[in-house]
Ligand SMILES: [Zn+2]
């Protein structure tokens with residue numbers, strides 16, 4: 001299989017397929033952009049992507065992992081049971097009030113383009129190719145649920161691309177968790193008999209102040225940010241209930257969890273001081289793990305960009321956000337590279353970035369991403385030693 005000629009022929013077929021499909025892919029990226037859908041409600045985008053995959057012979061599992069707008073599409077293959085599966089991940093959710101200001105229309109379409117290109121050669125490959133439709137990246141944690149529910153259990157390596165104002169391959173992200181704090185006190189007339197009340201709002205405010213004091217003693221990569229979501233009903237009633245919501249982040253899961261435990265002790269201490277009762281709700285899909293970007297896969301992707309003539313550089317600023325791709329990266333070797341779609345300084349989640357996500361530069365980056373991901377997947381399947389190296393690195397990082 002791995003004769004040089006055959007490899008070159010497969011690569012050429014992939015590049016030609018993306019070129020041939022480019023009008024279709026651009027049209028789909030524009031259609032998703034013009035119909036922004038919020039997390040877990042991406043019905044049109046999921047239907048659009050799956051219909052094109054199905055039309056080209058993919059076997060499509062809709063509502064994967066019991067999530068209506070998730071899907072797993074598997075290209076036809078003659079692979080045997082023991083051979084690897086490479087997953088290319090699509091995102092397609094938009095932001096409330098801002099539309100596709102994170103460019104997920106390009107992410108979804110690039111994954112589709114890569115999948116369709118690999119489909120041209122999929123029956124000649126020693127392994128399988130999947131396009132996995134991942135809803136709700138913007139805070140909904142679609143990949144957290146997909147990972148927890150086993151969608152990546154049989155996957156050997158995974159990748160996606162994200163648009164940005166510069167191109168680069170390695171990026172870190174923070175582990176994060178959102179917690180709701182529910183404080184229960186006892187109501188009383190705030191003037192006539194305040195001595196009979198237990199003030200839940202006081203307990204929430206002491207929690208907030210305790211967390212402010214805690215920050216001084218945390219590692220500098222830690223972030224804690226929160227709001228008070230309920231502060232009582234009326235000034236003349238001692239609040240019987242108050243609540244807050246916090247997001248805790250750190251460079252690794254262990255430290256993020258330790259910090260979360262400290263935050264919970266702030267709330268417990270505050271509850272004790274006020275005589276209130278505290279309840280916690282740690283939101284499962286909010287547990288974004290930190291990204292482990294796989295060096296071997298990064299190297300293959302970098303070589304591919306170089307071959308395609310796509311410039312890239314080390315990303316300077318990284319690590320401040322969180323992505324649910326982190327959870328996938330803790331499950332299988334993964335990469336989350338970026339391609340430039342906007343002028344430097346135009347950051348995601350802005351009106352200008354939304355315009356970039358439908359610009360010529362954005363569409364070109366999407367086509368480039370489709371080629372680069374498809375060629376990277378091809379390389380991993382044709383080169384078992386490389387895939388084994390990626391998996392060994394992954395295992396070594398996990399063992400630390
Ligand atoms: Zn995004």
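Since every read-out is calculated from the coordinates, none of them should be taken as a lab result. It should be emphasised that the depicted structure is a prediction, and the values quoted were computed from it without experimental measurement. Every residue, glycine among them, receives a Cβ derived from its backbone with ideal geometry; neighbour counts consider all protein chains shown.
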Estimated FRET transfer efficiency (residue 51, residue 154; beta-carbon r; R0 30 Å; 0.05): 0.75
Burial ranking of peptide ranges 370-383, 142-155 (average Cβ count within 10 Å, highest at the top): 370-383, 142-155
GNM top mover of 284, 137, 91 - the chain, alpha-carbon springs below 10 Å: 284
Gained length - residue 282 relative to residue 351, 0.36 nm times residue gap less alpha-carbon distance: 21.6 nm
Approximate spin-label separation residue 96-residue 227, in nm, with each point projected 7 Å along Cα-to-Cβ: 0.7 nm
Over the range 250-335: Kirkwood hydrodynamic radius from C-alpha pairwise inverse distances, Å: 16.1 Å
Counting DSSP beta bridges with both ends in the chain, the antiparallel % (nearest 5): 70 percent
Length added when fully stretched, residue 22-residue 234, from 0.36 nm per residue minus Cα-Cα: 70.4 nm
In nm, spacing of pseudo-spin labels at residue 303 and residue 398 (7 Å Cα→C-beta vector): 2.5 nm
Debye equation applied to the C-alpha atoms of the range 2-127, log10 I(q)/I(0) at 0.20 Å⁻¹: -1.13
Approximate shape of the chain as ellipsoid semi-axes (Cα gyration tensor, √5λ), whole Å, largest first: 45, 21, 19
Most fluctuating residue given options 362, 82, 57, as computed from a GNM of the chain linking Cα atoms under 10 Å: 82
Gain upon complete extension [residue 80, residue 196; 0.36 nm per residue less C-alpha separation]: 34.6 nm
Most fluctuating residue given options 365, 63, 81, as computed from a GNM of the chain linking Cα atoms under 10 Å: 81
Cβ-derived FRET efficiency at R0 25 Å, residue 123 paired with residue 8, nearest 0.05: 0.85
The chain - mean residue ellipticity at 222 nm from DSSP helices (-39,500 (n - 2.57) per run, n ≥ 4, rounded to 500): -14000 deg cm²/dmol
Spin-label pair residue 364/residue 388, simplified geometry with 7 Å Cα→Cβ offset, distance in nm: 4.1 nm
Bins of 10 Å from zero: percent of alpha-carbon pairs in the range 1-69: 17, 35, 29, 16, 4
Whole-number Å³ per residue for the convex hull built on Cα positions in the range 136-272: 159 Å³
Mean Cβ count within 10 Å, highest first, over the residues of peptides 328-338, 20-30: 328-338, 20-30
